[in-house]
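Just below is one structure, and these are the notes that go with it.
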Amino acid sequence: MDMEDTSKLKIFTGTAHLALAKEISDYIGVPLGKAICGRFNNGEIQVMINESVRGKDCFIIQPTGAPVNDNLMEMLIMVDALKRASARHITVVVPYYGYARQDRKTRGREPISSKLVADLMSTAGVTRVVTMDLHAGQIQGFFNIPVDHLMGTPILAPYFVEKFKNLPREEIAVVSPDLGSVTRARKFAERLDCPLAIIDKRRPRANVSEVMNIIGDVQGKTVVLVDDMVDTAGTLCHGAEALIKLGGAKEVYACATHGVLSGPALQRLTDSVITETVFLDTIPAKEGSEAARIKMLSVAPVFAEAISRIYEDKPVSPLFT
């Protein structure tokens, strides 16, 4: 990436996703900042910044996936270190924003943890946030600082456009796994120039889903299930099974921005009828992904472009589409 002057640009990372941080820094052409992020003997996080950051524009690359609390505290402590070392701007690049699903109260006496995380980041000294595919877009409003909310669709959709280039459009369908993901799936379907279908389901309790009905025609079609994240993979695998058994779909692919993949997720994907599941590498790939037929696509070019535009005071909005 050709940048005129990178003398005031510093890129740091915690331990959450070293491979992604290295790929982003290589793409920009700036080495990762000299910093140590370790543990004291009592388990407390130790951060040392081993180069001057006075007057610099600092970027910290740190998704807050599992272990979410460790990764979050690493980021906050690194922000504090940079702030006390007189950094000019501190931007946190959070490809996956932990606690995003706790964005509202659904019953009495519940916390709104995603707002608490936003407050912690602002209080620590963060001056800007760059993230991707928040579970709820309104989380941007939890911050009183600029938030650049990038989308995963511009990376995922071209992959399937290329994969299905020899298939007639009428033999493809994009499917939303629930009513909450319809907007995302519709935009995806527009990119593939194919029809949209919706799985209508109800969820009896947390992490348990029951498919009720398929709205739309998937008979004999190759379908793509589109979601923002896959956690335990129950919704995805039940949906795929319903598309084959109830809807008569010919083949099922799936994709999501964030492969959280907790608990039985990998085994469920391995045992499922899904031909291939595509994730972005906002979270490091889990061991056993190959057996589960998982394909990872890189977000490094998009985040590298965002960092470059922010540093050079250029608009980031072209990346939103």
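The values are calculated or read from the model by the stated rules, or taken from the named source; none is laboratory data. Remember, it's a predicted structure, so these values are computed and weren't measured experimentally. So basically every Cβ, Gly included, is an ideal-geometry build from the backbone, and we count neighbours across all protein chains shown. Calculation scope for accessible area: heavy atoms of the full protein, side chains included, ligands and nucleic acids excluded. Shrake-Rupley method; radii C 1.70, N 1.55, O 1.52, S 1.80 Å.
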Completion exercise
Checked the stretch 121-148 for anything assigned to a loop (DSSP other than H, G, I, E, B) and surrounded by fewer than 20 Cβ atoms within 10 Å (Cβ to Cβ); matches are GLY125, THR127, HIS135, ALA136, PHE143, ASN144, ILE145, PRO146
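If a residue has to be assigned to a loop (DSSP other than H, G, I, E, B) and touching a residue at least 60 places away in the same chain (Cβ under 8 Å) to count, how many in the stretch 59-84 make the cut?
3
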Problem - Scan of the stretch 20-58 for residues that are of a type outside the set (D, E, K, R), surrounded by 13 or more Cβ atoms within 10 Å (Cβ to Cβ) and not in a strand (DSSP E or B), ordered by number - result: LEU20, ALA21, ILE24, SER25, TYR27, ILE28, GLY29, VAL30, GLY33, VAL53
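Residue under question is LYS286, and the condition is that it be modelled with pLDDT under 95 and under 30 Å from LEU32 (Cα atoms); does it hold?
Criteria met by LYS286.
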Exercise for the section: Would you check which residues across the stretch 149-168 are in a helix (DSSP H, G or I), under 19 Å from VAL260 (Cα atoms) and touching a strand residue (DSSP E or B) at 6+ places or on another chain (Cβ under 7 Å) and list them? Expected result: ILE155, LEU156
Practice task
Name the residue, out of SER262, SER289, SER308, that is open to solvent by 30 Å² or more (accessible area, probe 1.4 Å), of a type in the set (Gly, Ala, Ser) and closer than 24 Å to LEU18 by Cβ.
Solution key: SER262
Completion exercise
Turns out the strands (runs of 3 or more DSSP E) fully within the stretch 181-237 with at least 3 residues that are touching a His at 6+ places or on another chain (Cβ under 9 Å), of a type in the set (Lys, Arg) and at pLDDT 95 or above are none
Problem - Long-range neighbours under 6 Å by Cβ, at least six apart or interchain, first residue more than 20 Å from LEU319 (Cβ to Cβ) within the stretch 135-149, second modelled with pLDDT of 95 or more and assigned to a helix (DSSP H, G or I) - result: PHE142/LYS115; PHE142/ALA118
Practice task
Could you tell me whether any residue of the stretch 96-112 is under 18 Å from VAL130 (Cα atoms), in contact (Cβ under 8 Å) with a residue 24 or more places away in the chain, of a type in the set (A, V, I, L, M, F, W, C) and in contact with a strand residue (DSSP E or B) (Cβ under 8 Å, 6 or more places away or on another chain)?
Solution key: no
Handout entry: Filter result (open to solvent by less than 50 Å² (accessible area, probe 1.4 Å) and either more than 18 Å from PRO301 (Cβ to Cβ) or touching a Cys at 6+ places or on another chain (Cβ under 9 Å) (or both)) within the stretch 1-19
Key = LEU9, LYS10, ILE11, PHE12, THR13, GLY14, ALA16
Handout entry: Lone unmet requirement of (1) over 30 Å from ASP119 (Cα atoms); (2) open to solvent by less than 30 Å² (accessible area, probe 1.4 Å) for THR153
Key = (1)
Handout entry: Number of positions in the stretch 81-120 that are within 28 Å of ARG54 (Cβ to Cβ) and open to solvent by 50 Å² or more (accessible area, probe 1.4 Å)
Key = 6
Problem - Qualifying residue in the stretch 267-275 (condition: within 26 Å of THR13 (Cβ to Cβ), crowded, with 19+ Cβ neighbours inside 10 Å and more than 12 Å from the chain's Cα centre (by Cα)) - result: no
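Mind checking whether some residue in the stretch 241-263 is in contact with a His (Cβ under 9 Å, 6 or more places away or on another chain) and either within 21 Å of HIS149 (Cα to Cα) or touching a residue at least 24 places away in the same chain (Cβ under 8 Å) (or both)?
Scanning the stretch 241-263, I find at least one residue that is in contact with a His (Cβ under 9 Å, 6 or more places away or on another chain) and either within 21 Å of HIS149 (Cα to Cα) or touching a residue at least 24 places away in the same chain (Cβ under 8 Å) (or both), so the answer is yes.
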